[in-house]
1. Could you give every pair whose Cβ atoms fall below 6 Å, whose first residue belongs to segment 135-152 and is more than 16 Å from S58 (Cβ to Cβ) and assigned by TED's automatic domain parsing to the domain that holds H63, and whose second residue is at pLDDT below 90 and crowded, with 20+ Cβ neighbours inside 10 Å, counting only separations of at least 6 or pairs across chains?
2. Which ranges mark the helices (runs of 4 or more DSSP H) fully within segment 1-93 that have 3 or more residues being modelled with pLDDT of 95 or more and under 30 Å from T148 (Cβ atoms)?
3. So which of K133, K109 is among the basic types (K, R), surrounded by fewer than 21 Cβ atoms within 10 Å (Cβ to Cβ) and in a loop (DSSP other than H, G, I, E, B)?
4. Could you grab me the full set of residues in segment 35-63 that are out of contact with any strand residue (DSSP E or B) (no Cβ under 8 Å at 6 or more places or on another chain), in contact (Cβ under 8 Å) with a residue 40 or more places away in the chain and not hydroxyl-bearing (S, T, Y)?
5. Do you know which residues across segment 139-172 are in contact with a Ser or Thr (Cβ under 7 Å, 6 or more places away or on another chain), in a strand (DSSP E or B) and within 26 Å of E72 (Cβ to Cβ)?
Amino acid sequence: MSGIKMNFKKIWRFIWHDDSLLSWTINVILAFILVKFIIYPGLGLIFQTTHPVVAVVSSSMEHKESFDEWWENSEACYIDYEIIKENFQDYKMKNGFNKGDIIFLKGAKTINQGDIVVFRGNSNNPIIHRIVKIYDSYYQTKGDNYQTNCQSYPQLGETKIEKRNMIGKAFFKIPYLGWVKIAFTELTNIFL
């Protein structure tokens with residue numbers, strides 16, 4: 001029994017106190033395993049979604065100015081959806097978010113106009129946009145960035161989103177932390 005305890009102490013010391021490259025590499029691997037197979041699935045169970053945390057990889061939801069200036073430039077984009085400034089001011093994340101932000105999602109039992117959702121569109125990547133129209137059996141979204149998204153894009157699959165394609169509803173953001181994922185993804189794409 002004491003041999004097992006001694007081996008455990010040696011391994012523990014190697015992982016947490018050794019300054020070698022091998023120790024550092026093992027720490028990175030253990031951190032990846034912990035996040036990928038324990039923390040992320042645990043958050044998924046808690047928040048009732050397959051994607052509890054997402055990194056924003058596009059600028060489709062950015063507001064580059066104050067809310068009032070943004071609305072002045074965006075108002076025409078929302079007339080067809082019967083969304084007025086007073087409604088929009090009550091929406092969660094009314095000031096949008098930026099590429100590189102981390103967004104936390106929860107399962108969406110009810111979805112309302114103005115909610116920000118992540119859904120499976122026509123691409124391989126999940127899309128995060130705001131609900132602008134609710135129909136009997138599907139939803140329509142669009143991005144907040146009026147410079148690129150004054151309309152919904154059928155080619156993305158955001159004009160007819162069925163409930164089964166909804167991944168989750170946004171409820172919290174952490175600015176800039178998503179750049180870690182974006183940088184890692186872009187770096188691996190260079191080498192693959």
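1. What qualifies is Q140/S152.
2. Because the criterion is at least 3 residues that are modelled with pLDDT of 95 or more and under 30 Å from T148 (Cβ atoms), the helices (runs of 4 or more DSSP H) in segment 1-93 that meet it are 67-78, 85-89.
3. Only one candidate qualifies: K109.
4. Taking segment 35-63 as the starting set, the residues that turn out to be out of contact with any strand residue (DSSP E or B) (no Cβ under 8 Å at 6 or more places or on another chain) are 35-39, 41-42, 44-46, 57-59, 62-63.
With in contact (Cβ under 8 Å) with a residue 40 or more places away in the chain added as a condition, the list becomes 57-59, 62-63.
Selection gives V57, E62, H63.
5. Answer for segment 139-172, where residues must be in contact with a Ser or Thr (Cβ under 7 Å, 6 or more places away or on another chain), in a strand (DSSP E or B) and within 26 Å of E72 (Cβ to Cβ): Q140, T141, K142.
Quick grid of which residues meet (1) surrounded by fewer than 18 Cβ atoms within 10 Å (Cβ to Cβ); (2) more than 19 Å from the chain's Cα centre (by Cα); (3) of a type outside the set (D, E, K, R):
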| site | (1), (2), (3) |
| --- | --- |
| N145 | no, no, yes |
| C150 | yes, yes, yes |
| A170 | no, no, yes |
| G178 | no, no, yes |
| A183 | yes, no, yes |
| E186 | yes, no, no |
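The values are calculated or read from the model by the stated rules, or taken from the named source; none is laboratory data. Note that this is a predicted model, so its numbers are computed, not measured. Backbone-built Cβ (ideal geometry, glycine too); neighbour counts: all protein chains shown.
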